[in-house]
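Notes follow once the structure below has been shown.
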Amino acid sequence: MTSVNETHTHEAPGLLEEANSRKNPRKRLSKWERQLEDYISSLTDVVQRIKREEGELRFSSSLIKASDVAGQYFCEKKVEMEHLQGKIETERKALGTEAHEKLLEGTIKIKRRDLWKKIYGKRPVFAWEMPLLAEYNAVVLAGRPDAIVFERGFPLVIFEYKFSKSRRPFRDHHVQTRTYGILLRNMGFDVRHLFYAIVMADPGAKDDRRLKREVIDAVIKSGPKESVLTTENARIHVSKFDQTEAEQDLDWAIGFWKSERDAIPTRNPNKCRSCEYNKKCDASPNVKGKD
Ligand code: SF4
């Protein structure tokens, strides 16, 4: 029995905390729910801007895609041609699209809210083609990496597959994948443990159902840590995500979108030789009238 001098207590939210959370319903939300709420709010804002055609960036864009940022490091003039003249389908692009569709085989569609919840769950989760969107230095960035493995809310490895005869990734591949890292960070994820894996896969491996599993197993088994791993038909380049490097890449790329400079063409004639715009591009050595 309780005497008049005794009182009972139990763990409960403080009264002030409770009052504040009523004033500010966000306080009641868990970390992942707040993060998701912010993400949806940015997404809604960008969609509204696109609808109102209020894009303030070059080509009246409201956002910059990670793939375009990467493209700028291949040839900025080509990114401009794609926006002004439209994309031209090529055999290489068709193969890439087909191969990426195959990578999605065996995955299941999940609602955004359920995915976020799983990301912060105890078990590792693979998110394939997760749409990323965030602000960076007053511009909106967007991207869709092939896969990200998360554990307890931490993004651990971004996977980016490239189907090519080359076994070495180029700078634009690193730029694209690092931009995904900035997106994740600016969406509120803690990227301190983040690595990225660029998978240089043989084009013939697009039909190999084992490719996906072998790559994942090799990267997870290795740590992940900085390494170059080899599977039957791919070489995997695993790097630690470096925020400073990623920001430097992005800052240069954003200058173009803010119209601070004209598009810079590549100086590599080999790139022009295989470029689908080489007959129209005034910077191409193949354009008639040029010596
Ligand atoms: S032709 Fe050369 S400079 Fe022109 S867009 Fe293509 S790669 Fe760039």
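Throughout, read-outs are computed from the coordinates displayed, never taken from laboratory work. Source: prediction; values computed, not measured. Reconstructed Cβ throughout: ideal geometry from the backbone, glycine too, with neighbour counts over all protein chains shown.
Of the trypsin sites (Lys or Arg not before Pro) found in the range 74-161, those in coil by DSSP whose Cβ has at most 14 other Cβ atoms within 10 Å are Lys87, Lys109, Lys111, Lys122, Arg152. Please count, across the range 108-229, the pairs of lysine residues with Cα atoms under 14 Å apart that sit 8 or more places apart or on different chains. Lysine pairs satisfying the spacing and distance rule in the range 108-229 number 4. A cut-off under 12 angstrom between Cβ atoms defines the neighbours of Val228, and their net charge, with Lys, Arg +1 and Asp, Glu -1, is +3.
Report the gain in length on full extension from Leu84 to Arg168: 0.36 nm times residue separation, minus Cα-Cα distance, nm rounded to one decimal.
27.2 nm
Under a model in which nothing but the beta-carbon of Lys, Arg (+1) and Asp, Glu (-1) is charged, the chain shows a dipole of about 520 debye around its Cα centre. DSSP finds beta bridges in the chain, and of those with both partners inside it, around 75 percent are antiparallel.
Between Phe163, Ala134, Leu211, the Cα set farthest toward the positive side of the dipole of the range 43-274 (charges on each charged residue's Cβ, about the Cα centre) is that of Leu211. Legend: calculated FRET efficiency, Phe126 to Ser41, from the Cβ-Cβ distance at R0 = 25 Å, rounded to 0.05, equals 0.45. Per-residue ellipticity at 222 nm, computed for the chain from helices alone with -39500 (n - 2.57) per DSSP H run of at least four residues, works out to -13000 deg cm²/dmol. Of the trypsin sites (Lys or Arg not before Pro) found in the range 177-272, those in coil by DSSP whose Cβ has at most 16 other Cβ atoms within 10 Å are Arg192, Arg209, Lys225, Lys258, Arg261, Arg267. Note that the range 54-66 has calculated 3J(HN,Hα) couplings of 9, x, 9, 8, 3, 6, 6, 6, 9, 8, 10, 8, 4 Hz, one per residue in order, obtained from phi through the Karplus relation 6.51 cos²θ - 1.76 cosθ + 1.60 (θ = phi - 60°); glycine and proline are x. Can you check what the net charge comes to around Ser42, using other residues whose Cβ is under 11 Å from the Cβ of Ser42 (Lys, Arg +1; Asp, Glu -1)? Summing Lys and Arg as +1 and Asp and Glu as -1 gives -3.
Sum up the charges of everything whose Cβ sits under 11 Å from the Cβ of Gly121, counting Lys and Arg as +1 and Asp and Glu as -1, but leave Gly121 out. Cβ neighbours under 11 Å give a net charge of +3. Among the GluC sites (Glu not before Pro) within the range 53-120, those in coil by DSSP and having at most 11 neighbouring Cβ atoms inside 10 Å are Glu53, Glu54, Glu89, Glu105.
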